[in-house]
Amino acid sequence: MKRVLLSTLVAALPVVAMAADAEHVVEARKGYFSLVAIEFGPLAAMTKGEMPYDADAAKAHAADLVALTKYDPSDLYAPGTSADDVKGTRAKAAIWTDMEAYKGKGMAFFEAIAALEPAAGAGQKELAAAVGKVGGTCKGCHDDFRAKD
């Protein structure tokens, strides 16, 4: 009986480990996008007049966003980490079935962030235009690859 129990446990370990790894990948992915939101939020607020425009703060937030685009997020998209597989994520399985389209949207986001950096300190009007482009890339990706609440 002990052998059967032990062999069952040993056979189940890879599945348990994969589930734990998937949960860690999801948490890391959510952490990455939380950092993006922390940096992007004040920029959006400045463009909406919800907080005063501050060129130095805008440049700092934009520079942090640029730094985040230097990170290679590919390991945050391990197979088996969609909302169909792991609780606590809204990542649609379409990410993995159409990875090329997903990567294209990611590149559009990275390009919009690159254009945001010089606009950030150039004035509220310039910032607003660049923030609108970044926000459009976010929406485009969310519409196709993120499940609703």
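The values are calculated or read from the model by the stated rules, or taken from the named source; none is laboratory data. Predicted model, so just to flag it, every value in this text is computed and none were measured. Reconstructed Cβ throughout: ideal geometry from the backbone, glycine too, with neighbour counts over all protein chains shown. Just so you know, the surface numbers come from the protein's heavy atoms only, side chains and all, with ligands and any DNA or RNA stripped out. Shrake-Rupley method; radii C 1.70, N 1.55, O 1.52, S 1.80 Å.
Just name the residue that is least open to solvent (accessible area, probe 1.4 Å) out of those in segment 60-79 that are modelled with pLDDT of 95 or more and more than 14 Å from the chain's Cα centre (by Cα).
Of everything passing the filter in segment 60-79, A62 is least open to solvent (accessible area, probe 1.4 Å).
Here are some residues: V4, V86, V16. Which one is modelled with pLDDT under 95, β-branched (V, I, T) and assigned to a loop (DSSP other than H, G, I, E, B)?
The match here is V86.
Going through segment 84-100 one residue at a time, which ones are within 21 Å of L35 (Cα to Cα) and in contact (Cβ under 8 Å) with a residue 60 or more places away in the chain?
Matches in segment 84-100: G88, T89, A91.
Touching a residue at least 24 places away in the same chain (Cβ under 8 Å), assigned to a helix (DSSP H, G or I) and open to solvent by less than 60 Å² (accessible area, probe 1.4 Å), is that true of A112?
Considered against the rule, which asks whether it is touching a residue at least 24 places away in the same chain (Cβ under 8 Å), assigned to a helix (DSSP H, G or I) and open to solvent by less than 60 Å² (accessible area, probe 1.4 Å), A112 comes out as yes.
Restricted to segment 56-83, and to residues that are of a type in the set (D, E) and assigned to a helix (DSSP H, G or I), which residue is nearest to A37 (Cα to Cα)?
The qualifying residue nearest to A37 (Cα to Cα) is D64.
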